[in-house]
Amino acid sequence: MSTVFEYTSYKDYLRYLLAERSEVRGYQSQLSKAAGCQASYLSQALKTKVELTPDHAVGIGSFLQMNETELDYFLNLVLYSRATLPALKE
């Protein structure tokens, strides 16, 4: 099983989790509920330029029982993806 630290994109990490747990009925719905968003919004975020918010990231991190270091990294992946200014990305 991969860890969040193996990814440079939160979207790739979440896609991996969903594929890894594809046999768990309703897993995407559980993940979206934990994020505090609709399942359709989570789906759009994973397939388009729509981004999750830091609030969504914290909810997902809690659901995944991430430790503090994992959550910090995951949250930074979300913030990086949301950044539009090159200076902010650096």
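How many angstrom separate the Cα center of the range 69-83 from the Cα center of the range 10-67?
Spelled out, the Cα-based centre of one part sits 14 Å from the other.
Please give the net charge around LYS47, taking every other residue with its beta carbon less than 14 angstrom from that of LYS47, where Lys and Arg add +1 and Asp and Glu add -1.
Overall, the nearby charge balance is +1.
Once you keep just the Cα pairs under 8 angstrom separated by 6 or more residues, what percentage relative contact order results for the chain?
Relative CO of the chain lands at 30 percent.
Counting Lys and Arg as +1 and Asp and Glu as -1, what is the net charge of the other residues whose Cβ lies under 15 Å from the Cβ of ARG82?
Residues close to ARG82 contribute a combined charge of 0.
Taking the Cα centre of the chain as the origin and placing charges on Cβ (Lys, Arg +1; Asp, Glu -1), which of SER9, SER40, SER22 is farthest toward the positive end of the dipole?
Looking along the dipole axis, the top candidate is SER40.
Binned at 10 Å from 0, what are the whole-percent values of the Cα-Cα distance distribution for the chain, short to long?
All Cα pairs considered, the percentages come to 17, 54, 25, 3, 0.
So, with +1 on the Cβ of K and R and -1 on the Cβ of D and E, and no other charges, what is the size of the charge dipole of the chain about its Cα centre, to the nearest 20 debye?
420 debye
Readers should treat all values here as calculations from the given coordinates under stated rules, not as data from a laboratory. Owing to the predicted nature of the structure, the values given are computational and were not obtained by experimental measurement. Please note: Cβ atoms are built from the backbone with ideal geometry, for glycine as well, and neighbour counts cover all protein chains shown.
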